[in-house]
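The structure appears right after this line, and notes come after that.
Quick note: the coordinates plus some simple rules give every number you see, no bench work behind them. Here the structure is a predicted model, which means the values were calculated and not measured. Every residue, glycine as well, gets a Cβ built from its backbone with ideal geometry; the counts of neighbours run over all protein chains shown.
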Amino acid sequence: MQSKTIGIIVNGVTGRMGYRQHLLRSLLAIREAGGLPLADGERLIPELVLVGRNEAKLADIAGRHGLTDWTTDLTAALARPDVQIYFDAQLTSARQPALAAAIAAGKHIYTEKPVAESLTGAVELARAADAAGIRHGVVADKLFLPGLRKLKRLLDGGFFGRVLSVRGEFGYWVFEGDWQPAQRPSWNYRAADGGGIVSDMFPHWHYLLEHLFGPVRTVTAHTATHLPRRWDEQGEPYDATAEDAAYGIFELAGGVVAQINSSWAVRVHRDELVEFQVDGVEGSAVAGLHHCHVQHRAATPKPVWNPDLPGGEDFRSQWQPVPDNDQFDNGFRAQWEQFLSDVVADRPHQFDLWAGARGVQLAELGLQSARDGRRLPLPELA
């Protein structure tokens, strides 16, 4: 079987997400599998150029995985004619100028989110990419995970009838960093460094709601910094200036109401770190990242409220698991494969920079809603 290569700059590979999900479990996994099978029977082999700011870390990662092409000079990497794609997993504050430079260099763009720190910046990137005639995509990893793919199957099959509401719970306790190390980097909790759970998670909720249930029309949000003091990677205390929790209500086209709580200051009492309950006239479902359970209208019990008696029903046992019916690969890898296929076929990627801009818009308006204490509409982007 014939193969061909495609050059990919991977910027931000020294970070947790860039290394674990994008390099290790996606691009290197595709290489180890012999490349991505294409429609014409060929296989596409990613040739990687690792980019970052820390020379020692880059050399260590490259050495561990048998890679030899790495640099701290992004400008030089973008000037290479043998590189077709630029991928960005840097800090949010560094992303927009790097993406703009890659677009100017004529590279196809694939990036983590948020794509920029402001809606203005995100729209500028989308317009520039369109004008350059390149293919562009934004990571929408949660839609490619087993639980959400099962939920999409239920929606496509009409299981719910008319969908009424969506309720989401996301989060876990991120340790303050004093007596136990924090599981997230300290910049996540400093507003000046682009931190905050709204800019991090609202873009996720936007593509999920838009793709599964319909466009978001309004947002009402309340934010909080529940833990105002944390300790950084060097064990030094610092003031947390970004919100660590957000409570949002999103009204969607067609009348669906979504409520999603996001928090890094919550202890988990559910099956997965994120779960969504979808209620419809004909049935309901609870979907996490891996599992999905349903209860049909005909199998719905009739609970009776009686506060004088202890509850005797095992409500969880009244739900049925949705079978896999498929083999689910890593969600990040699945979208990488879709994006690479779109680049080779020269077709638009479904989750493009405009979708990324709408996610930034939701985050920006969510923060404004929290400041103003009011519901805000989401204008369509031109």
1/(1 + (r/R0)^6) with r = Cβ-Cβ of ARG20 and TYR247, R0 = 35 Å, i.e. FRET efficiency to nearest 0.05, evaluates to 0.75
Considering only ASN261, ASN54, ASN11, give the residue with the highest GNM mean-square fluctuation for the chain, with springs between Cα atoms whenever their separation is below 10 Å. ASN54
Return the single residue from ALA182, ALA298, ALA242 with maximal mean-square fluctuation; model: Gaussian network over the chain, springs between Cα atoms under 10 Å. ALA298
Checked the range 105-219 with the C-alpha gyration tensor, a ≥ b ≥ c its square-rooted eigenvalues, rounded below a/c of 1.5, otherwise prolate if a/b is larger than b/c and oblate if not; verdict oblate
How far apart, in nm, are two points set 7 Å out from the Cα along the Cα-to-Cβ line at ALA382 and at ASP326? 3.8 nm
Hey, in the GNM for the chain with a 10 angstrom Cα cutoff, which one of GLY12, GLY157, GLY35 fluctuates hardest? GLY157
Summed residue charge, Cβ within 13 Å of ALA224's Cβ, Lys/Arg positive, Asp/Glu negative: -1
For LYS152, the lysines lying under 23 Å Cα to Cα, once residues fewer than eight places off in the same chain are dropped, come out as LYS113, LYS142
Would you kindly state how much longer the chain becomes between VAL281 and ASP193 on full extension, computed as 0.36 nm times their sequence separation minus their alpha carbon distance, in nm to one decimal? 27.2 nm
Please turn the phi angles of the range 376-382 into ³J(HN,Hα) values with the Karplus equation 6.51 cos²θ - 1.76 cosθ + 1.60 (θ = phi - 60°), one per residue in order, whole Hz, x for glycine and proline. 10, x, 9, x, 6, 8, 9
Taking the number of other C-beta atoms within 10 Å as the exposure measure, put GLU251, GLU243 in order starting with the fewest. GLU251, GLU243
Calculate, in nm to one decimal, what GLN2 and PHE175 gain on full extension: separation in residues at 0.36 nm each, minus their alpha carbon distance. 57.3 nm
If each DSSP helix of 4+ residues adds -39,500 (n - 2.57) and the sum is divided by the residues in the chain, what number results at 222 nm, nearest 500 deg cm²/dmol? -9000 deg cm²/dmol
For the chain, what size does the Cα cloud have along each of its three principal axes, sorted from largest down, in whole Å? 72, 53, 43
Degrees between helix 92-104 axis and first principal axis of the chain (Cα, 0 to 90, nearest 10): 50 degrees
Row for the range 142-329, column shape: gyration tensor on C-alpha, a ≥ b ≥ c, rounded if a/c < 1.5 i.e. under 1.5, prolate if a/b over b/c, else oblate; value prolate
